[in-house]
Number of protein chains: 2
Amino acid sequence: MRIAVDAMGGDNAPRSTVQGALAAVKENPSLTIVLVGDEQGIRSQLSGEIPANIEIVPTTEVIDPDDEPVKAVRRKKNSSLVVAVQMARENLVDAAISAGNTGALMTAGLLYAGRMEGIERPALATFIPNIKGRVTLTLDVGANMDAKPHHLLQYAVMGSLYAERVLGFEKPTVGLLNVGTEEGKGNELTKAVFPLLTDADLNFVGNVEARDVLEGACDVLVCDGFVGNVLLKAVEGAAATIFSQLKQEFTSSLINKVGAAILKPGLMRFRKRMDYAEYGGAPLLGLRSPVIKAHGSSDAKAVKNAIASAATFVKQDVNEIIQKELQKNMTGESE
Amino acid sequence: MRIAVDAMGGDNAPRSTVQGALAAVKENPSLTIVLVGDEQGIRSQLSGEIPANIEIVPTTEVIDPDDEPVKAVRRKKNSSLVVAVQMARENLVDAAISAGNTGALMTAGLLYAGRMEGIERPALATFIPNIKGRVTLTLDVGANMDAKPHHLLQYAVMGSLYAERVLGFEKPTVGLLNVGTEEGKGNELTKAVFPLLTDADLNFVGNVEARDVLEGACDVLVCDGFVGNVLLKAVEGAAATIFSQLKQEFTSSLINKVGAAILKPGLMRFRKRMDYAEYGGAPLLGLRSPVIKAHGSSDAKAVKNAIASAATFVKQDVNEIIQKELQKNMTGESE
């Protein structure tokens, strides 16, 4: 199996991507990783001999985190991100991974990898860690801003299969993000989606409120891309603000530093429990070729795990299973 | 000025409501507070003589936090919440306050207080505390699930005036909750709202992402009721989960308890900074009579501050100013 990695994507690239690729092929020697990016930068991280199952495809451009996605993808055709996705489309590799600009990866996925048959709107999934020590696969978090009811049904089917086949969750529970738990709650969209999810072949547990997501109310959370994006950024923002404020308090005096030092192992345990790096990358679901988004702050371990996710995605034929399940669930449904 | 307080609403009622009313009339002797609720329960909190500017209106029913709002308001006509709002409608009082069931208060407000002229959809506002030590007045957080662009413009005008006249913010900044900061981002709704807010007589600062709300990116945040509800619950849920997990770690051993004891003053300072009780209650904007929702966990101080908010709401003629500003801003706009 061959997987392309955008070697230039992410805050710690190319160190994290190259080191992650090395760790991945060591763990799974049947893999070949194609590192796409600045050749010199990649080689400088590959001290010594290059393993036989690491290849380099040199590119000259890089899409920055702040680049406007659509423009960047159209203009920077020789960027590491675009070339990695194009290689997947041309079947030169089985999957593509990037820890770079999320919008650009989604755009490149739509433009170059293309949509699966029957999928009008691919979805960007993400992991929200929960206190059960698992993650909630949440989709869509920003690919499709104005979703229709059957789009959300497709998200549910795709997310459920991904959670089962790639994350290894048995009969994953599926929840609908809503403003109350009772049936009949919500806006026009969620009211229309609820019966579709009830009738589908899913382990649907009903509406889930935003406050219960971190408690682990469901394995797969379905919502439109606008709401999902707000949810994700609200949770990330609240966590970041609280921790930065606590850090400020904990270092504000010598005695506080002593207290903080005592509590450090507990704080680290908590952070580790909420760390989703071990779940690998988040998939763009509904594309013809598996495309995985690794977190922008991925370290080598996170990249290695994203590669492992991509390998399972391919090995388990998740796209083919999704296609079959969609045909079963979507009979009679169309725009 | 006369203000009705639902004496039975909130987790700590009637102690918090009665004590809050007593503190309010002590601070502002020109106020008369009408405590609506179970007479015996109220009297048991009023030890000794009842001040001349505290009145009691006895009711026999209570709307519980878990009651289905519409049913509860229609069936429990002699509940403290419904009677308090009805008194406002009948001009027996100038404003009504409740720390009880939010949905029921909104329903009672719509049903009994009625909408202001020109307002199709009243909005429920709330305070989200931010690290600047202020609050972000966020609306709508759940009154109107499927909002149209001109509804959001009305929220912006009403919220901005409330922030200026009642919260005392000078030229409050207004932000539009969105998935990116650039113009042109978002769903159909936010794309249509952006130019309306740009053209209105507001201190509009553009799109605001959910992650920047706690950083205090704007004073007034505008969104549809579905998204606002998700944002609010996501922030509250993330904070509650993080603090409960930290508490678990901090009490997991004797040495951790020592560390936590050292840090306690800092933790309390942080909690106090994020405490919005001093900002009083959150308004239901767009109703004919001022109706204020105090937080369910309000203590006496929070109730006192909610009463002070209501008094300022009335004294500053906020509703009349809103009416004038709407006519100015909404010319040519209608459904």
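The values are calculated or read from the model by the stated rules, or taken from the named source; none is laboratory data. Predicted, not measured: the structure shown is a model, and the values here were computed from it. Every residue, glycine as well, gets a Cβ built from its backbone with ideal geometry; the counts of neighbours run over all protein chains shown.
Things to note:
- A count restricted to the range A:100-152 and to residues that are of a type in the set (Ser, Thr, Tyr), within 16 Å of the chain's Cα centre (by Cα) and in the same structural domain as residue A:71 (by the TED database) stands at 2.
- Residues in the range B:3-16 that are of a type in the set (S, T, N, Q) and closer than 16 Å to residue B:64 by Cα: B:12 only.
- Candidates A:119, A:128, filtered to the one that is in contact with a helix residue (DSSP H, G or I) (Cβ under 9 Å, 6 or more places away or on another chain) and within 15 Å of residue A:281 (Cβ to Cβ): A:128
- Exactly one residue among A:189, A:177, A:137 is touching a Cys at 6+ places or on another chain (Cβ under 6 Å) and under 19 Å from residue B:231 (Cα atoms), and that residue is A:177.
- The sole residue among B:277, B:260 that is over 16 Å from the mean Cα position of the chain (by Cα), hydrophobic (A, V, I, L, M, F, W, C) and either assigned by the TED database to the domain that holds residue B:141 or at pLDDT below 85 (or both) is B:260.
- Among (1) surrounded by fewer than 22 Cβ atoms within 10 Å (Cβ to Cβ); (2) facing chain B (nearest Cβ under 8 Å); (3) within 20 Å of residue B:235 (Cβ to Cβ); (4) not basic (Lys, Arg), the one test that residue A:214 misses: (1)
So that you can scan it fast, the table gives a plain yes or no per residue for (1) under 30 Å from residue A:13 (Cα atoms); (2) in contact (Cβ under 8 Å) with a residue 40 or more places away in the chain; (3) within 14 Å of chain B (Cβ to nearest Cβ); (4) not hydrophobic (A, V, I, L, M, F, W, C):
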{"residue": "A:98", "(1), (2), (3), (4)": "yes, yes, no, yes"}
{"residue": "A:105", "(1), (2), (3), (4)": "yes, yes, no, no"}
{"residue": "A:140", "(1), (2), (3), (4)": "yes, yes, yes, yes"}
{"residue": "A:155", "(1), (2), (3), (4)": "no, yes, no, yes"}
{"residue": "A:166", "(1), (2), (3), (4)": "yes, yes, no, no"}
{"residue": "A:172", "(1), (2), (3), (4)": "no, yes, no, yes"}
{"residue": "A:178", "(1), (2), (3), (4)": "no, no, yes, yes"}
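- On the stretch given as the range B:134-169, residues that are closer than 18 Å to residue B:313 by Cβ and surrounded by fewer than 21 Cβ atoms within 10 Å (Cβ to Cβ) total 5.
- Residue list for the range B:76-90, filter: more than 21 Å from the chain's Cα centre (by Cα) and either surrounded by 15 or more Cβ atoms within 10 Å (Cβ to Cβ) or of a type in the set (Lys, Arg) (or both): B:76, B:77
- When the residues of the range A:258-274 are filtered to those that are within 7 Å of chain B (Cβ to nearest Cβ) and surrounded by fewer than 18 Cβ atoms within 10 Å (Cβ to Cβ), the one that is nearest to residue B:247 (Cα to Cα) is A:269.
- Residue B:225 meets all of the listed conditions (1) farther than 30 Å from residue B:96 by Cβ; (2) at pLDDT 95 or above; (3) in contact with a Gly (Cβ under 6 Å, 6 or more places away or on another chain); (4) within 13 Å of chain A (Cβ to nearest Cβ) but one, namely (1).
- Residue count, the range B:199-211 (criterion: over 21 Å from residue B:285 (Cα atoms) and either more than 7 Å from every other protein chain (Cβ to nearest Cβ) or part of a loop (DSSP other than H, G, I, E, B) (or both)): 5
- Residue A:246 being facing another protein chain (nearest Cβ under 8 Å), part of a loop (DSSP other than H, G, I, E, B) and within 21 Å of residue B:238 (Cβ to Cβ): no
- With respect to being touching a strand residue (DSSP E or B) at 6+ places or on another chain (Cβ under 8 Å), touching a residue at least 24 places away in the same chain (Cβ under 8 Å) and within 14 Å of chain A (Cβ to nearest Cβ), residue B:136 fits the description.
- Test: residue in the range B:235-248 that is on the phi < 0 side of the Ramachandran plot, of a type in the set (S, T, N, Q) and at pLDDT 95 or above: no
- Residues (within 18 Å of residue A:210 (Cβ to Cβ) and modelled with pLDDT under 95) located in the range A:156-182: A:179, A:180, A:181, A:182
- Residue check for residue A:125: in contact (Cβ under 8 Å) with a residue 60 or more places away in the chain, part of a strand (DSSP E or B), hydrophobic (A, V, I, L, M, F, W, C) and buried (at least 24 other Cβ atoms within 10 Å of the Cβ): yes
- Lone unmet requirement of (1) within 14 Å of chain A (Cβ to nearest Cβ); (2) in contact (Cβ under 8 Å) with a residue 24 or more places away in the chain for residue B:162: (1)
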